[in-house]
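S.K.: After the structure tokens below, expect a handful of questions from me.
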Amino acid sequence: MYDEGTALAAGIADAGTTEDVAVAVTGRDRGENVADSDNAPERPAVDLTTAIGVATAVQNGWLSPEDAVEAALTRIRGRDRKLNAFSLVREEAARAEARAVAERADLDMLPLAGVPIAVKNNIDVAGEVTRGGSLAGSDAAAGDDHPVVRRLRAAGAVVVGLTHMPEFGLWGVTDEPGSITRSPWNTRYSAGGSSGGSGAAVGSGMVPIAHGNDGLGSVRIPAACCGVVGLKPGRGLVPAEVGLDAWGGMTENGVLATTVADTALMLSVLADRPDLADLDTPQTLRIGLATGAPVPLTHVDLAWTAAADKAAAAASLAGHIIGVAELPYQGVTFALLLRWLANAAREAAIVAHPERLQRRTRTHVALGNAVLKSGLLRASQVDRVEARLLDYFERYDVVITPTLATAAPRARRWHSRPWPANVLANVKFSPFTPLWNLVGWPAISIPMGLHPRSGTPVAAQIAGPPGSESTILRLAAQIEAAHPWQRVVS
């Protein structure tokens, strides 16, 4: 069995659990309780800080969708000034949508009944402009919802706002002209990216769940920076139309949430697979532990290594078999760099106003055009990487790694800094996440405590072969039970 002492040696602090998150729906509690009548009958205590808690209360008639949404809008007004999670708050539209949900005949059956949710602003929400963190696109409002948004609304969720992201989702930090999105744990640090606004919205408790999408780690990175769960499903499970051809198959729409159960529930809605919400105890797993740096000369902070060690120790205590075995990263960096550049060039080729692109993006696009002309981009590069991974997973069912190598970069105007500074910052702090986008396999980030110096979250990543989403979620739920985390900081 794995020795937990290695995890403790780095001094990671357990964040603990959120106090008093289960509240009676009758009577107000720190702004989370929104019942109107002081004389309302006693109701069972429910957790209104989670999607499952809100949906349960709405399904049973203990809470109205209107009150659930109004409470979220109140939290956004009070908390977002410091964090800049939202690029647009849909106050009146959300209230109208909540009223429509309340009138549905199937309200008591909706899995996300009345749950306020945030959507990253690079998929279409009908009536809103899809900017993708850029001023270069069209100013026309979307005429229809993206399939993901349609599924969320059909399940009873209410879109309260759209969240900030860096231009085209290219970068691992989230900032735009006039806006820097910050971690709710320490506002001196970035919330990560590219789904940084969604991470900050969930990590601060403004909404219980949020949509994000992940092309190089863009769900898992902000999840790790903001102390929440972030899931990138495998290719083909969830409708993936994002940008141009979903970045060549590298980008998936996913979930940011404060609990594994909420993550599984939202994934079941996005995938239209109710079975994915089940978190039964998994069978005994063979788990690889791989904490070595994927990129040569990259330093992995001991606190992040210990986060992976701690997750592996919890899995070992649950009866799983742990083996220390590094992943086969050969060829990954070159294949990823080519695609990172080429995908930006393809996306820039179809924007309405290319002259409005940020300076760092223009450099990235120019290099991407050179890659496209060079003929260096070959499918065989990915095939070789995937073949080596398949050999690895002959021995293991899943693998645990650190999610990041270091804390996020400081919160600053990265969009105005030179291209090399942006690239170096991204590669240094997030080398572990992109591999799973390259091959299209599922991966999740789960919180594992706080960094002893920065006070920002640390996290472990669990990844597996195609079709292993349920296995990953069930293992994550076991680790969560062994090491519950503080789910919200405000």
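The values are calculated or read from the model by the stated rules, or taken from the named source; none is laboratory data. Remember, it's a predicted structure, so these values are computed and weren't measured experimentally. As a convention, Cβ positions derive from the backbone with ideal geometry for all residues, glycine included, and neighbour counts pool all protein chains shown.
S.K.: Looking only at residues that are out of contact with any Leu (no Cβ under 8 Å at 6 or more places or on another chain) and either of a type outside the set (Ser, Thr, Tyr) or part of a loop (DSSP other than H, G, I, E, B) (or both) in region 333-348, which one is nearest to GLY172 (Cα to Cα)?
M.R.: LEU337
S.K.: Whether any residue in region 87-97 is under 30 Å from LEU357 (Cβ atoms) and either outside any strand (DSSP E or B) or at pLDDT below 95 (or both) is what I want to check. Steps first, answer last, please.
M.R.: Of the residues in region 87-97, the ones under 30 Å from LEU357 (Cβ atoms) are 87-90, 93.
Subsequent filtering for residues that are either outside any strand (DSSP E or B) or at pLDDT below 95 (or both) retains 90, 93.
Checked against the condition, which is being under 30 Å from LEU357 (Cβ atoms) and either outside any strand (DSSP E or B) or at pLDDT below 95 (or both), region 87-97 yields at least one hit.
S.K.: Of all residues in region 30-61, which are at pLDDT 95 or above and farther than 19 Å from SER204 by Cα?
M.R.: Once the filter is applied, which keeps residues that are at pLDDT 95 or above and farther than 19 Å from SER204 by Cα, region 30-61 yields ALA55, THR56, ALA57, VAL58, GLN59, ASN60, GLY61.
S.K.: Taking GLY254 as the residue in question, decide whether it is under 15 Å from the mean Cα position of the chain (by Cα) and not hydrophobic (A, V, I, L, M, F, W, C).
M.R.: It is true that GLY254 is under 15 Å from the mean Cα position of the chain (by Cα) and not hydrophobic (A, V, I, L, M, F, W, C).
S.K.: Suppose we filter region 326-366 for residues that are among the acidic types (Asp, Glu) and in contact with a His (Cβ under 7 Å, 6 or more places away or on another chain); how many remain?
M.R.: So the answer is 0.
S.K.: Where residues in region 356-382 are small (Gly, Ala, Ser) and closer than 18 Å to GLY249 by Cα, which of them is surrounded by the most Cβ atoms within 10 Å (Cβ to Cβ)?
M.R.: Among those that are small (Gly, Ala, Ser) and closer than 18 Å to GLY249 by Cα, it is GLY368.
S.K.: Another one. Being among the small types (Gly, Ala, Ser), under 30 Å from GLN330 (Cβ atoms) and buried (at least 19 other Cβ atoms within 10 Å of the Cβ) is the filter here; which residues of region 257-300 pass it?
M.R.: GLY288, ALA290
S.K.: Sticking with this structure for a sec: Output the qualifying pairs, or none if there are none: Cβ atoms under 7 angstrom, residues six or more apart or on different chains, first residue in region 116-142 and over 25 Å from ALA71 (Cβ atoms), second residue of a type in the set (Phe, Trp, Tyr) and buried (at least 21 other Cβ atoms within 10 Å of the Cβ).
M.R.: GLY132/PHE168; GLY133/PHE168; SER134/PHE168
S.K.: Quick test for you: out of LEU270, LEU337, pick the one residue that is modelled with pLDDT of 95 or more, under 26 Å from THR181 (Cβ atoms), over 19 Å from the mean Cα position of the chain (by Cα) and not small (Gly, Ala, Ser).
M.R.: Only one candidate passes the filter, namely LEU337.
S.K.: Let me ask another. Checking the condition among the β-branched types (Val, Ile, Thr) and closer than 19 Å to LYS428 by Cβ, which residue from VAL255, VAL269, VAL295, VAL260 passes?
M.R.: Only one candidate qualifies: VAL295.
S.K.: Right, here's the next one. Would you tally the residues in region 349-395 being without any contact (Cβ under 8 Å) to a residue 60 or more places away in the chain, of a type outside the set (Val, Ile, Thr), assigned to a helix (DSSP H, G or I) and farther than 14 Å from SER134 by Cα?
M.R.: Final tally of qualifying residues: 15.
S.K.: Take the residues in region 440-481 that are in contact with a strand residue (DSSP E or B) (Cβ under 8 Å, 6 or more places away or on another chain) and among the polar types (S, T, N, Q); name whichever of them is nearest to ASP278 (Cα to Cα).
M.R.: Looking at the filtered set, the residue picked out is THR471.
S.K.: Within region 80-103, count every residue that is touching a helix residue (DSSP H, G or I) at 6+ places or on another chain (Cβ under 9 Å) and within 28 Å of THR181 (Cβ to Cβ).
M.R.: Of the residues in region 80-103, 13 are touching a helix residue (DSSP H, G or I) at 6+ places or on another chain (Cβ under 9 Å) and within 28 Å of THR181 (Cβ to Cβ).
S.K.: Restricted to region 175-203, and to residues that are of a type in the set (Ser, Thr, Tyr) and either in contact with a Leu (Cβ under 6 Å, 6 or more places away or on another chain) or in a strand (DSSP E or B) (or both), which residue is surrounded by the most Cβ atoms within 10 Å (Cβ to Cβ)?
M.R.: Residues of region 175-203 that are of a type in the set (Ser, Thr, Tyr), as a first pass: 179, 181, 183, 187, 189-190, 194-195, 198.
Those left that are additionally either in contact with a Leu (Cβ under 6 Å, 6 or more places away or on another chain) or in a strand (DSSP E or B) (or both): 179, 189-190, 198.
On the way: SER179: 16, TYR189: 23, SER190: 33, SER198: 40.
Residue satisfying both the conditions and the ranking: SER198.
S.K.: Okay, next question. Has region 338-355 got any residue that is touching a Ser or Thr at 6+ places or on another chain (Cβ under 6 Å), surrounded by fewer than 17 Cβ atoms within 10 Å (Cβ to Cβ) and not β-branched (Val, Ile, Thr)?
M.R.: Checked region 338-355: at least one residue is touching a Ser or Thr at 6+ places or on another chain (Cβ under 6 Å), surrounded by fewer than 17 Cβ atoms within 10 Å (Cβ to Cβ) and not β-branched (Val, Ile, Thr).
S.K.: Report yes if VAL458 is at pLDDT below 95 and of a type in the set (Val, Ile, Thr), otherwise no.
M.R.: Here the answer is no, as VAL458 does not meet what is asked.
S.K.: Oh, and also: Does at least one position in region 140-151 carry a residue that is surrounded by 19 or more Cβ atoms within 10 Å (Cβ to Cβ), among the small types (Gly, Ala, Ser) and under 30 Å from ALA345 (Cβ atoms)?
M.R.: Taking every residue of region 140-151 in turn, none turns out to be surrounded by 19 or more Cβ atoms within 10 Å (Cβ to Cβ), among the small types (Gly, Ala, Ser) and under 30 Å from ALA345 (Cβ atoms).
S.K.: Taking only region 445-490 into account, find how many residues are on the phi > 0 side of the Ramachandran plot and surrounded by 20 or more Cβ atoms within 10 Å (Cβ to Cβ).
M.R.: Residues in region 445-490 being on the phi > 0 side of the Ramachandran plot and surrounded by 20 or more Cβ atoms within 10 Å (Cβ to Cβ): 1 in total.
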